[in-house]
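The values are calculated or read from the model by the stated rules, or taken from the named source; none is laboratory data. Values in this document were obtained by computation on a predicted structure and should not be read as measured data. All Cβ positions, even for glycine, are placed from backbone atoms using ideal geometry, and neighbour counts span all protein chains on display.
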Amino acid sequence: MTDSKYFTTTKKGEIFELKAELNSDKKEKKKEAVKKVIASMTVGKDVSALFPDVVNCMQTDNLELKKLVYLYLMNYAKSQPDMAIMAVNTFVKDCEDPNPLIRALAVRTMGCIRVDKITEYLCEPLRKCLKDEDPYVRKTAAVCVAKLHDINAQLVEDQGFLDTLKDLISDSNPMVVANAVAALSEIAESHPNSNLLDLNPQTINKLLTALNECTEWGQIFILDCLANYMPCDDRESQSICERVTPRLSHANSAVVLSAVKVLMKFMEMLPKDLDYYGTLLKKLAPPLVTLLSAEAELQYVALRNINLIVQKRPEILKHEMKVFFVKYNDPIYVKLEKLDIMIRLASQANIAQVLAELKEYATEVDVDFVRKAVRAIGRCAIKVEQSAERCVSTLLDLIQTKVNYVVQEAIVVIKDIFRKYPNKYESVIATLCENLDSLDEPEARAAMIWIVGEYAERIDNADELLESFLEGFHDESAQVQLQLLTAIVKLFLKKPTETQELVQQVLSLATQDSDNPDLRDRGYIYWRLLSTDPVAAKEVVLAEKPLISEETDLIEPTLLEELICHIGTLASVYHKPPSAFVEGSRGVQHKRLPARAVITLVKRTGLSGSNMGAGLGVAPAAMPASLGGAPAVGGGLGDLFDLGGGVGMPTGSYVAPKTVWLLAIKAKGLEISGTFARRGGIIQMDLSLTNKAMSVMTDFAVQFNRNSFGLAPAGPMQVLTPLSPNQTIDVSLPLSMSGPVMKMEPLNNLQVAVKNNIDVFYFSCQYPLSLLFVEDGRFYRQVFLATWKDIPNDSEAQFQIKDIHLNSDVASNKLQGSNIFTIAKRTVEGQDMLYQSIKLTNGIWVLAEMRIQTGNPNYTCTVPRIVYASLLHSQ
Amino acid sequence: MIGGLFIYNHKGEVLISRVYRDDIGRNAVDAFRVNVIHARQQVRSPVTNIARTSFFHIKRSNIWLAAVTKQNVNAAMVFEFLYKMCDVMSAYFGKISEENIKNNFVLIYELLDEILDFGYPQNSETGALKTFITQQGIKGQHQTKEEQSQITSQVTGQIGWRREGIKYRRNELFLDVLESVNLLMSPQGQVLSAHVSGRVVMKSYLSGMPECKFGMNDKIVIDKQGKGGTTDDPGKSELGGSGKQSIAIDDCTFHQCVRLSKFDSERSISFIPPDGEYELMRYRTTKDIILPFRVIPLVREVGRTKLEVKVVIKSNFKPSLLAQKIEVRIPTPLNTSGVQVICMKGKAKYKASENAIVWKIKRMAGMKESQISAEIELLPTNDKKKWARPPISMNFEVPFAPSGLKVRYLKVFESKLNYSDHDVIKWVRYIGRSGIYETRC
């Protein structure tokens, strides 16, 4: 018997005929009719008119027929809610059936009938099924809670199903546990702040036990749920990692990737010097490589994920370059991804092999792939300096092939190579010029024009070449026009005598005949520069350009962290956060990696702050709690912003108003108030001493207790005249950083002893950490990104500064006054991101990222990363 | 989770459509047809996002399977599920073709209802499914209560892949070590990359719930035993344990029946096998691979309209062994007008439709060599683009494992029934096949 015949009935009176058959007395005929109905439904015909007739067939003891009717119900119940009620009785009855398969079938189907009226009737049977003696029914009921929640969340809460579901996490059957976890995770996603999935060490332990016993799919649900857990310390995270690693040998790639996600996340918490940390890193590589022998579609998912992993932890796969070599028969999507990873893994050690491969790829058929391969050669040149020469000669070989798009792509990347290594490879310019005519893509034309302009003095016929482009000036794209304008101005500045006419021509084309404002503006600026001060023009136009960095296409660090938390999912395939492609409340939550354990941080600081080392060694565990816990710094930053009158004076750091440190009643009439300031690189303690006693005070002296940063008075306190009653004098006490070091709690606490002719008085005060920010705290721009990338694992703290009504430029200016330097700024999705560096007096560097959302009144969300980089200090 | 699952024929007509989630509408079916199946250009990604809906697809012959979702699902899981779905369907009705799908659409709906609940994959082991979803209607009515609960406990149980009460008169098992050896070689004969991906496929016909232990010449295990100096080396007594040397396995993955935590801690492979045929493990090796053949190409361009190609193949294994089904595929340029071939052994033919000379040799012993030479006439073209020179590829089958893997033992313990390890008849076979075996020219 074949069923395909059901697909072929296309007569007009079909519905009518079916109706008759459905109401037939013969069971076989009925079944046949229902099959026909389902077939029509599949191909998209509307058979909803048959609803009552089909529902009539529901009460049968033939399970196959029953399933078919259920299938029909799931499809059409929503469009016929009133009639769907007719089915309820049968469902309720089936939920009591002695056969567990039928009970489960009923509860499974009921959840799929999305009719509000039905859900009320569903509650009782569902409650029974959740406590059914048969695990098959329980696991089906667990999923049904999620279905019901999707239809009517309130009902689920009111009926207490969530608690029952939580109980199922402790069920004896692993599959019930897995489905309960899946259902709870889904429900929790739509209630971001609820404590639904109350994960604690006990439940985690249950999940880990079930992990060893359930189906492959159940393992995925459990691992994905585990990934949302935050272990309380590094020991717990190690023990979870140990129990998850065996999953890396599972045949199911999704189990492997979900296990990788858990490990990548929890690894963040492990101290780097732990033996286990190294072992774990080694264990991750082989399963990742194995994923590449899976089917092509899975390889694609794996490669997109490996791309993230390589950016986050390059050390894992650095020796595995060869497995990413492209195979001739790989689907194009696999090829392109492999190429991306190859470039990321390219290093001095393997560059020869990589280049040989890339050259091979550049002769393939697929245009996109070939272009990407050519571009990759350029990126290798920029990334690995030693290979630059070989890359350039490879590119020249490719240009000789005269394949149009290869030539154009090669020229675009050679431009970048010139930028990176100025005055090194000009010998190739002649070859490039030969191919001028074949360039028809704007990017390639613009690149070529840039090269001609940049090296105009060495190209004999530069003027002719540029002139030839000028002929069709208005037909060029804006990119080419702008480049041409600049190139001709450069040429003019280099060879003023022969090119006067040319420059006039281009300036008038740009300013008078163009309606592109960018082009006009640039034209006018050049024109005025040239006409008023040619020397200045030379300085501006021919200025030395900043070097370009190799890592231009890295994923922004915070996004990368979020994506690492989504390994294996669609987000990791798209390289976009879920909020970018998921509607509604799901996916709005941003996931973050956990912070590394406190103890490591101390070890690293201990290394870096040489004059601090001893002091920190004494009390390592407590130290970073306050320094790493950014509030100390954060509060300081907030103060810096609050400075009301400072808008016009960007230089000079913020000085807090004086506060009373020592009360007169506690010090026999001596009242001291004070503050700290940093002036011209010198830290000063400004004190006001007031005599509230009856007698004259003389012989003032001051001393500091040992403190976290070794602050000490640089000289004696200068109180020259005796202090008469009711008199106040102001004293400035310069401080040095050469005092003995001892960790204080809080970190910026300072204990001071003041002596006069009457007695010795003690008080403590707290200095703002910004006091310790030194003037040469500007981190090397080129190293910043690399360092930043190196460290995110170490320590990170986040805090918000509220109510700052400044835009990013003003803020950055203001912070610079306090020696917080903005190294780079970029704008992502309306947010300004400032990357900043601070250097402390003891040589510790702090790198921070600040996000400022324009127009947000409350407004700054600051995400600084506090990082202790020994890197530069030790050099 | 998965919101819906569609199966299309090559024209884009829907054969099966099952929607699990309310956020997936009927228009999703059309969106995929229009944007992916009917799209002219080559498919650039197996994951497509159309109007905030994500489509995952795989193809089996000319059938498209697509899973649809609007959420941030586990992408790896969706693909694994689609493959599994294909496995299940093949296990039920053989080849996945339009004909077979139409003939079994009721069954497919029934399966989809069972193995995917609200988009969450459920137990999809065919062994278990076949106990209660059958092609010939449902047994349901005639089952006893015990049978029913046995089914449900098996479907949800810890050993979901095997049912209780299996009995064989003769307890027998077959082990196939199937390896595919992959090579990419430069024209100069330098190995650019080589690896073996192997599978151990087991056919078990064993009674009861047997506990099995599998051993091979894994370097880590052998080294450990060597150090310990144990006397009762199980390798001596068991199947084919003649090879002394051990191999380094880069990585391996196991069927879900294998206790992974035990492998992780002791590196021992123990399990209760499914009944019948299944894949016990997969592994990958890269060190000390025996490359069964070496291809030495020589391509010479004689003027603009002629190519001379000479290819030598050398077999590199014991002379007593025979390689079979040898095929060498030498690509020819697109503007080839004629080809003359001379080969010492086998048959060679120019296949214009495939742009290649295909040279077939039925059998070849180890340590031999053979040669083919061809003259290729070309039509003059003014196409500037050079011929990409695709690599020469090779296919073959050899009766040994190129990785050097040897099965040392497979022990069977069944305490409840009265048969012992010695009563089980065991067979081992090694087959090495070419995977992607390419030499650039």
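When we screen B:ALA91, B:ALA76, B:ALA67, B:ALA28 for residues that are of a type in the set (Gly, Ala, Ser) and either in contact (Cβ under 8 Å) with a residue 60 or more places away in the chain or not in a helix (DSSP H, G or I) (or both), the only hit is B:ALA67. Restricting attention to the range B:99-115 and to residues that are farther than 27 Å from B:MET1 by Cα and crowded, with 18+ Cβ neighbours inside 10 Å, the residue that is farthest from the other protein chains (Cβ to nearest Cβ) turns out to be B:ASN100. Checked across the range B:180-199, the condition of being surrounded by 15 or more Cβ atoms within 10 Å (Cβ to Cβ), more than 11 Å from chain A (Cβ to nearest Cβ), part of a strand (DSSP E or B) and not hydrophobic (A, V, I, L, M, F, W, C) holds for no residue.
Residues considered: A:GLU360, A:GLU364. Of these, the only one that is surrounded by fewer than 21 Cβ atoms within 10 Å (Cβ to Cβ), outside any helix (DSSP H, G or I) and over 29 Å from the mean Cα position of the chain (by Cα) is A:GLU364.
Residues that are among the small types (Gly, Ala, Ser) and closer than 21 Å to A:MET41 by Cβ number at least 3 in none of the helices (runs of 4 or more DSSP H) confined to the range A:67-125.
Each row is one residue, and each column tells you yes or no for (1) hydroxyl-bearing (Ser, Thr, Tyr); (2) within 32 Å of the chain's Cα centre (by Cα); (3) not in a loop (DSSP other than H, G, I, E, B).
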site	(1), (2), (3)
A:VAL156	no, no, yes
A:ALA178	no, yes, yes
A:LEU197	no, yes, no
A:LYS206	no, yes, yes
A:GLU213	no, no, no
A:ARG235	no, yes, yes
A:GLN238	no, yes, yes
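Looking across the range A:825-852, the residues that are β-branched (Val, Ile, Thr), part of a strand (DSSP E or B) and crowded, with 18+ Cβ neighbours inside 10 Å come down to A:ILE838, A:VAL846, A:ILE852. If you go through the range A:221-236 one residue at a time, do you hit one that is closer than 22 Å to B:LYS262 by Cα, surrounded by fewer than 22 Cβ atoms within 10 Å (Cβ to Cβ) and among the polar types (S, T, N, Q)? Taking every residue of the range A:221-236 in turn, none turns out to be closer than 22 Å to B:LYS262 by Cα, surrounded by fewer than 22 Cβ atoms within 10 Å (Cβ to Cβ) and among the polar types (S, T, N, Q). If the condition is being part of a helix (DSSP H, G or I), within 30 Å of B:ALA67 (Cα to Cα) and out of contact with any Lys or Arg (no Cβ under 7 Å at 6 or more places or on another chain), then the range A:534-575 contributes A:LEU559, A:LEU563, A:LEU570, A:ALA571, A:TYR574. Applying the criterion of being within 41 Å of the chain's Cα centre (by Cα) and of a type in the set (A, V, I, L, M) to the residues of the range A:526-544, the residue that is surrounded by the most Cβ atoms within 10 Å (Cβ to Cβ) is A:VAL541.
Consider the range B:4-25 and keep the residues that are outside any strand (DSSP E or B) and within 11 Å of chain A (Cβ to nearest Cβ). The one that is farthest from A:TYR333 (Cα to Cα) is B:ASP22.
Restrict the check to the range A:294-303 and report whether at least one residue is facing chain B (nearest Cβ under 10 Å) and without any contact (Cβ under 8 Å) to a residue 24 or more places away in the chain. There is at least one residue in the range A:294-303 that is facing chain B (nearest Cβ under 10 Å) and without any contact (Cβ under 8 Å) to a residue 24 or more places away in the chain. I'd like to check something: does the range A:441-454 contain any residue that is surrounded by fewer than 22 Cβ atoms within 10 Å (Cβ to Cβ), of a type in the set (D, E, K, R) and away from chain B (no Cβ under 14 Å)? Yes, the conditions are met somewhere in the range A:441-454.
Restricting to the range A:229-269, name every residue that is at the interface with chain B (Cβ under 8 Å from one of its Cβ atoms) and small (Gly, Ala, Ser). Hits for the range A:229-269 are A:SER249, A:ALA251, A:SER253, A:ALA254, A:SER258. Within the set A:VAL92, A:VAL145, the sole residue that is more than 21 Å from B:GLY157 (Cβ to Cβ), surrounded by fewer than 24 Cβ atoms within 10 Å (Cβ to Cβ) and β-branched (Val, Ile, Thr) turns out to be A:VAL92. Scanning the range A:304-337 for residues that are more than 12 Å from every other protein chain (Cβ to nearest Cβ) and charged (D, E, K, R) yields A:LYS312, A:ARG313, A:GLU315, A:LYS318.
Residues of the range A:481-525 that are surrounded by 22 or more Cβ atoms within 10 Å (Cβ to Cβ) and either of a type in the set (D, E, K, R) or out of contact with any helix residue (DSSP H, G or I) (no Cβ under 8 Å at 6 or more places or on another chain) (or both): A:LYS490 alone. Can you find a residue that is in a strand (DSSP E or B), among the β-branched types (Val, Ile, Thr), more than 14 Å from every other protein chain (Cβ to nearest Cβ) and under 24 Å from the mean Cα position of the chain (by Cα) anywhere in the range B:253-261? Checked the range B:253-261: no residue is in a strand (DSSP E or B), among the β-branched types (Val, Ile, Thr), more than 14 Å from every other protein chain (Cβ to nearest Cβ) and under 24 Å from the mean Cα position of the chain (by Cα).
Every residue, every condition in (1) more than 22 Å from B:GLN245 (Cα to Cα); (2) under 17 Å from the mean Cα position of the chain (by Cα); (3) among the aliphatic types (A, V, I, L, M), yes or no:
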site	(1), (2), (3)
B:PHE400	no, no, no
B:LEU405	no, no, yes
B:LYS411	no, no, no
B:SER420	yes, no, no
B:ASP423	yes, no, no
B:GLY435	yes, yes, no
B:GLU438	yes, no, no
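When the residues of the range A:37-51 are filtered to those that are in a helix (DSSP H, G or I) and more than 11 Å from every other protein chain (Cβ to nearest Cβ), the one that is surrounded by the fewest Cβ atoms within 10 Å (Cβ to Cβ) is A:ALA49.
Criterion first (surrounded by fewer than 20 Cβ atoms within 10 Å (Cβ to Cβ) and aromatic (Phe, Trp, Tyr)) does B:PHE93 satisfy it? So B:PHE93 fits the description; yes.
Set side by side, the residues B:GLN188, B:GLN158 differ, and just one is farther than 25 Å from A:ASN212 by Cβ and at pLDDT below 90, which is B:GLN188. The residues of the range A:734-768 that are closer than 27 Å to A:THR822 by Cβ, in contact with a strand residue (DSSP E or B) (Cβ under 8 Å, 6 or more places away or on another chain) and crowded, with 20+ Cβ neighbours inside 10 Å, listed by number, are A:ASN748, A:TYR767, A:PRO768. Taking the range A:278-292 as the range and being surrounded by fewer than 20 Cβ atoms within 10 Å (Cβ to Cβ) and within 7 Å of chain B (Cβ to nearest Cβ) as the test, only A:PRO286 passes.
In the range B:152-177, of all residues being under 12 Å from B:PRO210 (Cβ atoms) and among the aliphatic types (A, V, I, L, M), the one that is surrounded by the fewest Cβ atoms within 10 Å (Cβ to Cβ) corresponds to B:ILE166.
Set side by side, the residues B:ASN62, B:ASN74 differ, and just one is modelled with pLDDT of 95 or more and either away from chain A (no Cβ under 12 Å) or over 22 Å from B:VAL29 (Cβ atoms) (or both), which is B:ASN74. The single condition among (1) within 14 Å of chain B (Cβ to nearest Cβ); (2) outside any helix (DSSP H, G or I); (3) in contact with a Lys or Arg (Cβ under 8 Å, 6 or more places away or on another chain) that A:SER347 does not meet is (1).
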